[in-house]
Amino acid sequence: MIDRAGRSAAHAAPAGTGPEAAAGVRGTAGAGSPAPAPDWDRLAVEIARRTGIRLRRHEPLAAHTTMRVGGPADLLAVPTDVPTLAALIRYARDGDLPLVLLGRGSDVVVADAGVRALVILSRAEGCRIEGDRLVAEAGLPLARAATLSAKAGLSGLEFGLAIPGTVGGAVWANAGAHGADVAGVLESVTILRADGTETAEPAASMSLAYRDSRLKDSGDVVLSATFRLAHADPAGIKARLNEIRQWRQEHQPLSRPSAGSVFRNPPGDSAGRLIDSCGLRGKRLGGAAISDKHANFIVNLGGATASNVRRLAELARSAVAKRFGVELVYEIEFIGDWSGWTQAVEAPDERPAETPADDGPEAPRAT
C-alpha cells in the first residue's frame, strides 16, 4: 500500500476495483497542493545510519516484480530481519514519507514512470516449526513455507506452492488456490500497528474474506504469522505437492513473466472463461499478451511496458462488461506514478502470442 501520514504500508498496492483506485502515492501536504518531494539523498544516508543497511537510489523495479515491468523507485531498502523491517516502517511514518512495502513483487504492475516513494522489499524470511505450527516471518515465500511444512510432516499449506508471494502478502490478501486459502490455516498474526506498537492478534481479527482482509485498510503491517497445521503422512503430502506442481505447469503460463491472475473470479464463474469468450485469448499489445494458456493471465513476451499490460487489462475488463454485464474486479494492483499513461498511443498486434494449450480452472495468486 502506498500511503502517508502514519498509515501503514501493506504488502502490495492500495486495494481497489480498478487502476483508477491506485494511481500513485496518496497524501498531500495541504488541500489542493502536492506534498513537497523528500530529499531522498539525505534520507538514504540517514536511514542507512539508523538501520545499518545500504539503500539504493533510482532502483528499477522491473527486476523486483514477477511481471518484469516498471520504472525506478526513488529509494529502495531491503531489510532481511523483522526488527529492521519494523524500524524502516516506523521511520517512514514518523517522517510522513510515502511508502510502498512489497514482498516478491507478484500481483502488482509498477508504472513505467516508477514509484515516488521509499520502497521496502521485505526479505525477513525466518521460520520455525513448533509442534503442529509453522511460525514464519512476513518475507518468507509462501511456496517455501509449503515445502518446509511438508518436510516436517505437516499438512495444510500445500496450496501455498501455487502462490508466488510472501507470507505477509498472503495474509494481507487471504491468498488461496486449489480449494484452500490462508484463512483455513492461519492461527495468529504479529502486526506492526499504525501507532508503531507491535502486537499479536488472532486470525479472527483479520476479517479474512475472498482475497481480502482488514489489513488492506487498517494501517497495520504483518511482521510474522503462525499457521496451525496437521501431522500427516509425508508421502501423501509430497504427492499433493506434485499434483499441484503438475497442474500449474499444464494450465498456467509459467514460462513467461506475469503478475498472476489479473482479475478475481466473479461469483459462480471464471474470469478466464469470460475473457476467453470475448475472443481475447492471445490478444497482443506491444510486448504484452493475454495468455493463450490461461486468459486471466497477461504475460510479458519480452520488452513489454507497464502501459501495455494495463491497456490489455482494461480492454478485457471492458469487453467482459459489454458482453456479459459483469464488472471484473482486479486481483492485481497498479502502483506508482500513472499520471499521463492514457496519452500513450499503442496499436494492438493481432498475432498469436503463445502456443495454444488447454485452459484450466482459475488459480488465484497473491503477492
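Every number here is computed from the coordinates shown, using simple stated rules; none is lab data. Source: prediction; values computed, not measured. Glycine also receives a Cβ, built like all others from the backbone with ideal geometry; neighbour counts cover every protein chain displayed.
Once the Cβ-Cβ distance of Lys151 and Thr80 is raised to the sixth power relative to R0 = 22 Å, the FRET efficiency obtained is 0.45. Under a plain spin-label model, where a point goes 7 Å from the Cα along Cα-to-Cβ, how far apart in nm are Thr197 and Arg57? The modelled label-to-label distance comes out at 3.9 nm. With the simple spin-label model, which puts each label point 7 Å out from Cα in the Cβ direction, the Ala232 to Glu250 separation comes to 1.9 nm. Estimated at 0.36 nm per residue, the fully extended path between Asp94 and Phe324 surpasses their Cα-Cα distance by 78.1 nm. Legend: ranking of residues Leu97, Leu118, Leu43 from fewest to most surrounding C-beta atoms inside 10 Å; resulting order Leu43, Leu97, Leu118.
So for the range 80-122, considering every pair of alpha-carbon atoms, how many percent are separated by more than 14 Å? Cα-Cα pairs of the range 80-122 separated by over 14 Å account for 52 percent. Over the C-alpha atoms of the range 258-349, the Rg to Rh ratio, Rh being the Kirkwood estimate, stands at 0.94. Between Glu243 and Asp41, residue separation times 0.36 nm minus the direct Cα-Cα distance comes to 67.8 nm.
Counting neighbouring beta carbons within 10 Å and listing from fewest to most, the residues Glu59, Glu198 come out as Glu198, Glu59. Among Phe227, Phe297, the ranking by other beta carbons within 10 Å of each residue's beta carbon, starting with the fewest, stands as Phe297, Phe227.
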